[in-house]
1. Can you work out the Karplus-derived ³J(HN,Hα) for every residue in segment 76-82? Use 6.51 cos²θ - 1.76 cosθ + 1.60 with θ = phi - 60°, whole Hz, and x for glycine or proline.
2. Tell me the accessible surface of MET253 in square angstrom (1.4 angstrom probe, heavy atoms of protein chains only), to the nearest ten.
3. Which of the peptides 37-46, 192-201 is most tightly packed, and how do the rest follow, going by the mean number of other Cβ atoms within 10 Å of each residue?
4. Would you give the gap between the C-alpha center of segment 44-74 and the C-alpha center of segment 202-233, rounded to a whole Å?
5. Of the listed peptides 175-188, 147-160, what is their order by residue-averaged count of other C-beta atoms within 10 Å, with the highest listed first?
6. Do you know the relative contact order of segment 159-229, to the nearest whole percent, from alpha carbon pairs under 8 angstrom that are 6+ apart?
7. Which order do peptides 127-140, 95-108 fall in by mean Cβ count within 10 Å, highest first?
8. log10 I(q)/I(0), Debye, Cα-only segment 46-115, no solvent, q = 0.16, 0.26 Å⁻¹?
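The values are calculated or read from the model by the stated rules, or taken from the named source; none is laboratory data. The shown structure was predicted, so the numbers you read here are calculated from the model rather than taken from an experiment. Counting neighbours? That spans all protein chains shown, and the Cβs are built from the backbone with ideal geometry, glycine included. In case anyone asks, the SASA skips ligands and DNA or RNA and just uses the protein heavy atoms, side chains included. Shrake-Rupley method; radii C 1.70, N 1.55, O 1.52, S 1.80 Å.
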Amino acid sequence: MRPCSRLAGLLLSSLLLSATALARDTPPTPQTPDQQWQPLFQQVQGAHLFKDQKTFADVVPRQPAATVLTQWQHARTQPGFDLAGFVSEHFTVPGDAPPYVPPAGETLRAHIEGLWPVLTRTTGTVDPNGSLLPLPRPYVVPGGRFREVYYWDSYFTLLGLASSGRWQQVRDMVDNFAFQLDSYGHIPNGNRSYYLSRSQPPFFSLMVDLLATHEGDAAYRRYLPQLRIEHAFWMRGAETLAPGEARERVVRMASCSIAIGTTARSHAPSPGWTIWPPPHRRRSARPRRCIATCAPARSPAGISAHAGWPSRPRWRASAPPRSYRSI
């Protein structure tokens, strides 16, 4: 039996459980930077002290947020108040990692192999005043301004790790995503508090499928509880929807267009909607009933929306992957 068939069989059993039965208590959602430091956060971002809006969202205050805010409220009333100086004094600002310089003359594969340890991070414990969320196992980050692990991007990282024979790292990454499902009820966009308000296309099952090519059916059995959690998260409310209705992250549409809702983001605000496929690219006008996953657009008030799609469209010129369209 093919791995995907085995996975389909396991998932089929999970469909017998209702979303209500799968509901679980999750720990309190950590506050995001814009929630902790308002209105200081808005003033700093509005003053454009950093070229990248993500920078201040990733800083770590040297004191609890309440203390920093009290000191700011006092300092801002003083003559000659310097906002940039205040931020430098009270926050640890993340810096860019030293550029990786590969040995001269190495092959492309050797270059990739040399990058794995450079991009690997371990954050079993983190500063509770910062936005980074802890993960129990080491993980690979994209690098540069992206100092955290991302959800569906990591599937392609796992393909590279598997090609390099780094199966322990593959399992570590999958364990981290399972940990997030257990902790938050979904896999956030990335392991930052400001990413908890949304997810990315659900690739967790494909990650488990990849690991199963090395570990066999044991991988499916190990992660079946988390596969059920993610399925329930995305499909909750779908059973009772009529055409044109939407609830949480699903909408039943007359055609198979996918509505992708976006929300304002503290690290890069960009509200809007994207429809897939665009009207001029639809293959047929024949009405078909389908379920599409989405996050309803909400008012641009920080990052308070429920988890859903990333805040920027992903598929503009080509269709979603076949494996995703099957959802």
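1. My calculation for segment 76-82 gives 5, 8, 7, x, x, 4, 10 Hz in order.
2. Probe radius 1.4 Å; accessible area of MET253 about 40 Å².
3. Details: 37-46: 17.5, 192-201: 23.7.
Per-residue Cβ counts within 10 Å, averaged per peptide and sorted highest first, yield 192-201, 37-46.
4. Their Cα centres are 39 Å away from one another.
5. On the way: 175-188: 21.5, 147-160: 19.8.
Descending mean neighbour count gives 175-188, 147-160.
6. Dividing the mean separation by the residue count of segment 159-229 yields 28 percent.
7. Packing proxy ranking, top to bottom: 127-140, 95-108.
8. Taking Cα atoms of segment 46-115 as identical point scatterers yields -0.68, -1.22.
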